[in-house]
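Taking it in order: structure first as structure tokens, then the write-up.
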Amino acid sequence: MFDQINGLPVHVLVLHAAVIFVPLLALGALVYAVVPRWRSKIGWAVALLAVIAPLSTLVAKLSGTKLYNRLIDQGLSGRGKEILDDHMSFGTTTWWLSLALGLVTLVMVGLTVRSRTPDRTMVNAGAGAGGSGGATLARESAAETRTAGVPRIVEIVLAIAMVVLAALAGYYVFRTGDAGATAVWGQY
């Protein structure tokens, strides 16, 4: 399934999905973690990327393993094998980091979905015998919505984890791609 399509290695066809979606997830998770006022606008996209990025990385990893095994069977050895071993090691790390970032991001999005019940303030204005006063509801605004039931410390810990995992995933997707490009285009 992950070996070839019309004679082309599947890895060559799918690796670019991981190269696009992992950095997008890292950027989206970073923004979601540090800019709370944008969460209601980007939450759906970040949640979607939290699923797509790890899946695309998994497909790239599995198809890369098939390609690696085929190259080994064809006699690849020496420096070329060492470069591919590095590439595969970086790819495995990228897979685990994108999975961790995706899971932490989904947890954060799930816990911080903004409540649409605003803080309403009752204002009594001269409620007396004449009934000239009454209760007035304060206007509803996005700024008045609050995160329902999430302790602030949990939100902070998840945000820190997202920032760290985003930086690591971004770094390792770069290292994986660089090692892969060296394997294809390098001198060895």
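Just a yes or no: is a residue in the stretch 88-96 of a type outside the set (A, V, I, L, M, F, W, C), modelled with pLDDT of 95 or more and surrounded by fewer than 16 Cβ atoms within 10 Å (Cβ to Cβ)? Working first, answer last.
First, the residues of the stretch 88-96 that are of a type outside the set (A, V, I, L, M, F, W, C): 89, 91-94.
Still in the running and modelled with pLDDT of 95 or more: 89, 91-94.
Then drop every residue that is not surrounded by fewer than 16 Cβ atoms within 10 Å (Cβ to Cβ), which leaves 89.
Yes, the stretch 88-96 has at least one match.
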Here the residues within the stretch 132-172 that are of a type in the set (A, V, I, L, M, F, W, C), at pLDDT below 90 and either touching a Gly at 6+ places or on another chain (Cβ under 8 Å) or surrounded by 15 or more Cβ atoms within 10 Å (Cβ to Cβ) (or both) are Val150
Filtering the stretch 50-63 down to residues that are among the aliphatic types (A, V, I, L, M) and buried (at least 23 other Cβ atoms within 10 Å of the Cβ) yields Ala50, Ala53, Ala60
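Quick one: count up the residues across the stretch 25-59 that are outside any helix (DSSP H, G or I) and within 11 Å of the chain's Cα centre (by Cα).
Matching residues across the stretch 25-59 total 0.
Mind checking whether some residue in the stretch 61-83 is in a loop (DSSP other than H, G, I, E, B), at positive phi and free of Cβ contacts under 8 Å to residues at least 40 places away in the same chain?
Taking the stretch 61-83 as the starting set, the residues that turn out to be in a loop (DSSP other than H, G, I, E, B) are 74-78.
Add one more test, that the residue is at positive phi, and what stays is 75, 78.
Of the ones still in play, those that are also free of Cβ contacts under 8 Å to residues at least 40 places away in the same chain are 75.
Yes, some residue in the stretch 61-83 is in a loop (DSSP other than H, G, I, E, B), at positive phi and free of Cβ contacts under 8 Å to residues at least 40 places away in the same chain.
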Original post:
Just wondering, is there one or more residues in the stretch 109-125 that are surrounded by 16 or more Cβ atoms within 10 Å (Cβ to Cβ) and either within 26 Å of Gly7 (Cα to Cα) or at pLDDT 95 or above (or both)?
Top reply: yes
Answer with yes or no whether Arg79 is in the same structural domain as Val22 (by TED's automatic domain parsing), surrounded by fewer than 16 Cβ atoms within 10 Å (Cβ to Cβ) and more than 21 Å from Trp185 (Cα to Cα).
no
Original post:
Just to be sure, is Val10 farther than 22 Å from Ala169 by Cβ, in contact (Cβ under 8 Å) with a residue 40 or more places away in the chain and surrounded by 15 or more Cβ atoms within 10 Å (Cβ to Cβ)?
Top reply: yes
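The values are calculated or read from the model by the stated rules, or taken from the named source; none is laboratory data. This structure is a prediction, so every number in the text was calculated from the model and none was measured. Cβ atoms come from the backbone with ideal geometry, glycine included; neighbour counts cover every protein chain shown.
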